Amino acid sequence: MANQVLEPSAARSSRDARAAGTSIQLDRVIAWIVVALLTILTLFPFYWALRTALSTQRDLLADPASLLPVGFTLDNFKAALGMISTSDAVASGGSGRTFDFWNYLMNTFIVATIVAVCQVLFSAMAAYALARLRFPLRNAVFLMFIGALMVPGIVLLIPNFVLIYDLGWINTYQGIVAPTVMMSPFAIFFLRQFFLGINRDLEEAAWLDGAGYFEVFWRIILPISNGPMLTLGIIVFITQWNDYLWPFLVGRDEDVRVLTVALSVFRSQTPQGSPDWPGLMAGTLLAAVPIVVIFLFLGRRLATSLQFTGVK
């Protein structure tokens, strides 16, 4: 009698388990489909840029809706890298406009590196002072930095430009890097969050050995903070690499022109009546290569450090 009662219950449990398993599998399939669609939507602009860069100008204008490269060619990339002559570029359908990619790349790298290194170092000093040192109005100073995060950067554009103009720094590296080379509110907040979590016993042991604040900061704090500082450096480097408005205002000369400004100038010059879209897309993709490489090799560390410091 007991077996007759238990068997229907066991059967129901088995059916419920199979139904739950089927439901979980269905939910997983739907989730993967959604992820796949979002991935396609995210990567499609990059594919469209690559498809345009691999097409010739005249064929692209004749068939602009094609999903595949029209009149497949690598001459646009070669022209951007200076590997073919102007006459050959025009013969392949390009505008013939020269694009000194290596010069613009060097200028962008110099500007982004100077800003990243200096901003991380100076912000680390300020963040350590706000996290460890005790001085009057320390919290008020920190709140002032936090409040600065709410000030739109465009508000400071005209005062900064007037200052750079008065200093005679137009079309110079120092004019491009001056507004951001010292520190930023986000960088200070980011590093302060990490410094607050460092064990004070390390610093107290160094103080007992006669080390001063700067020696503790330089020999103890910086070596154990290389992860967050590298992450911050990557963020600042990428932000500066992609910056356009400020370099466009103060650095339009060929000697200091960065890639974002150079691409804008290239687009505005239309010797054949319309922008050289394949050449522009080729230059844009080449300009994005360093950032893609950085994310491929350091993306996981970037995400881990952001989570560790509590920045969402």
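The values are calculated or read from the model by the stated rules, or taken from the named source; none is laboratory data. Predicted model, so just to flag it, every value in this text is computed and none were measured. No Cβ is skipped: glycine too gets one built from the backbone with ideal geometry, and neighbour counts run over all protein chains shown.
Where in segment 1-93 are there helices (runs of 4 or more DSSP H), lying wholly inside it, with at least 1 residues that are at pLDDT 70 or above?
2-53, 57-62, 75-80
You will find that of ASP255, ASP276, the residue that is acidic (Asp, Glu), out of contact with any Asp or Glu (no Cβ under 7 Å at 6 or more places or on another chain) and at pLDDT below 85 is ASP276 and no other.
Only one of the numbered conditions (1) touching a residue at least 12 places away in the same chain (Cβ under 8 Å); (2) over 21 Å from the mean Cα position of the chain (by Cα) is not met by ALA211, and that is (1). Somewhere in segment 166-184, is a residue in a helix (DSSP H, G or I), at pLDDT 85 or above and exposed (fewer than 11 other Cβ atoms within 10 Å of the Cβ)? Looking through segment 166-184, at least one residue is in a helix (DSSP H, G or I), at pLDDT 85 or above and exposed (fewer than 11 other Cβ atoms within 10 Å of the Cβ).
Among the numbered conditions (1) aromatic (Phe, Trp, Tyr); (2) under 30 Å from VAL258 (Cβ atoms); (3) at pLDDT below 85, the only one that TYR213 does not meet is (2). Does any residue of segment 185-197 turn out to be in contact with a Lys or Arg (Cβ under 8 Å, 6 or more places away or on another chain) and part of a helix (DSSP H, G or I)? So far as segment 185-197 goes, yes, one or more of its residues are in contact with a Lys or Arg (Cβ under 8 Å, 6 or more places away or on another chain) and part of a helix (DSSP H, G or I). If you go through segment 124-141 and keep only what is farther than 22 Å from ILE224 by Cβ, surrounded by 11 or more Cβ atoms within 10 Å (Cβ to Cβ) and not basic (Lys, Arg), you end up with just VAL141.
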